[in-house]
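Enquirer: Just passing along the structure, written as structure tokens.
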Amino acid sequence: MGGLNLKYLFLCSAALLLLSWYMYSDTYKRVGPLLPATHAAPLQGPLTGAAAAPGCCKGPYCWQFSPLYEYSVTGMAFGISHKLSSEFDDVMAADVGLLWGENAAKELYRDVKLRVMMDHYEVWWKDGQRFNLADAANTHLVSCDDGAFAAAKRIRPGDQVRIRGWLVNARAFKEPGETDPRKILSWHSSVTREDRGEGACELLYVRSAGDIEILERGPRFWSLARWPGAAGMLLAVFLWHRRLKAHLAAVRKADF
């Protein structure tokens, strides 16, 4: 493959990757009308029975959870952060941006820009547009159960989901049985949909894989299109590197 062709392969693949990332981030705008179940508000109620979320030691931390309320939410995932670079990603499976209620019923999400960041979500809208902040949230999904953890990882933007579990407070520490407050990290779940800013995210402990239901999958095209773009770029770099090595070897041979 000639140098010009390699250049075109790299540029076209890069363009596909950038386009697919952009379109993927707006997947939620191409979903609708949403299922009637998403029009309802989340259900939050008192704990039933002996509620005890199992603790676990995974990765660098041991975890303890204190259940606060039973919680169930049905909505559309407008964004996902899988915390791939986080030191807590052995138990914190995903941050899922969810919308429901008025935002779902009136499709208010179509006219706004929504983004899930590492630990929060952001929304922008123009004058004349509207978005109900009480009918959306960034939900931290945590679990010591491998099946529930894997199910959380399968959620994609545009999916309409039902998630059940416990709203919990969490503590993490590096040594089992740690009692020094200076060495204990803590998180507190929001217990209302009306709060804003730091501490307004729900920390939801998912007990089993069956507590995460994907009711209807969102579009997958742009999610899948990212991979050919990335593969094309890597292939172009690999072939260029191989050509360069062959050229340098030929030059060294000629010098002798």
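We did not get these values from a lab; they are worked out from the coordinates using the rules stated. Here the structure is a predicted model, which means the values were calculated and not measured. Positions of Cβ are generated from backbone atoms using ideal geometry, with glycine treated the same way; all protein chains shown enter the neighbour counts.
Enquirer: Give me the dipole magnitude in Debye, nearest 20, for region 32-218 about the Cα centre, with unit charges on the beta carbon: positive for Lys and Arg, negative for Asp and Glu.
Expert: For this selection, approximately 240 debye.
Enquirer: State the antiparallel share, in %, of DSSP beta bridges confined to region 32-218, rounding to the nearest 5. Numbers along the way, then the final one.
Expert: Working: 45 of 49 bridges.
So the antiparallel bridges amount to about 90 percent of the total.
Enquirer: Could you tally the net charge around Gly210, taking each other residue with its Cβ under 11 Å from the Cβ of Gly210, Lys/Arg +1 and Asp/Glu -1? Could the numbers behind the result be given before it?
Expert: On the way: positive: Arg162, Arg164, Arg207; negative: Asp145, Asp211, Glu213.
Overall, the nearby charge balance is 0.
Enquirer: For Trp125, what is the net charge nearby, where nearby means another residue's Cβ is under 13 Å from its Cβ and Lys, Arg count +1, Asp, Glu -1?
Expert: That sum, taken over residues with Cβ under 13 Å, equals +3.
Enquirer: Return a single number: how many Lys pairs in the chain, at a sequence separation of 8 or more or on separate chains, have alpha-carbon atoms below 20 angstrom apart.
Expert: 14
Enquirer: Something else about it: log₁₀ I(q)/I(0) of region 32-218 at q = 0.08 Å⁻¹, via Debye over equal Cα point scatterers, no solvent, to two decimals?
Expert: -0.25
Enquirer: In addition: Considering the chain as a Gaussian network with a 10 Å cut-off on Cα pairs, which listed residue, Pro219, Pro46, Pro157, attains the greatest mean-square fluctuation?
Expert: Pro46
Enquirer: Please list, in chain and number order, the residues 5+ apart from Leu68 or on another chain whose amide H is under 5 Å from its amide H, with Hs placed from the backbone.
Expert: Leu167, Val168, Asn169
Enquirer: What fraction of the Cα pairs in region 167-249, stated in percent, has a spacing above 19 angstrom?
Expert: Roughly 72 percent, rounded to a whole number.
Enquirer: Report the net charge of residues surrounding Val116, where surrounding means a beta-carbon distance below 10 angstrom and charges are Lys +1, Arg +1, Asp -1, Glu -1. Working shown, then result.
Expert: Values: positive: Arg115; negative: Asp95, Asp119, Glu122.
Residues close to Val116 contribute a combined charge of -2.
Enquirer: Another question, then. Mind listing the lone cysteines of the chain, meaning no other Cys beta-carbon sits under 4.7 Å from theirs?
Expert: Cys12, Cys201
Enquirer: Just the Cα atoms of region 77-119, one point each, no solvent: what log10 I(q)/I(0) does Debye give at q = 0.30 Å⁻¹?
Expert: -1.02
Enquirer: What is the fewest-to-most order of His140, His82, His241 by other Cβ atoms lying within 10 Å of their Cβ?
Expert: Ordered by Cβ neighbours within 10 Å, fewest first: His241, His82, His140.
Enquirer: Once amide H atoms are placed 1.01 Å from N in the peptide plane, what residues at a sequence separation of 5 or more from Asp159, or on another chain, have their amide H within under 5 Å of its amide H?
Expert: Residues meeting the amide H criterion: Ala77, Gly218.
Enquirer: Sticking with this one: Summing -39500 (n - 2.57) over the DSSP H runs of n ≥ 4 in the chain and dividing by its residue number, what mean residue ellipticity at 222 nm do you reach, to the nearest 500 deg cm²/dmol?
Expert: -9500 deg cm²/dmol
Enquirer: Which listed residue (Ile184, Leu204, Met76) has the Cα farthest towards the positive end of the charge dipole for region 32-218, taking +1 on Lys and Arg C-beta and -1 on Asp and Glu C-beta about the Cα centre?
Expert: With unit charges placed on the Cβ atoms, the residue in question is Met76.
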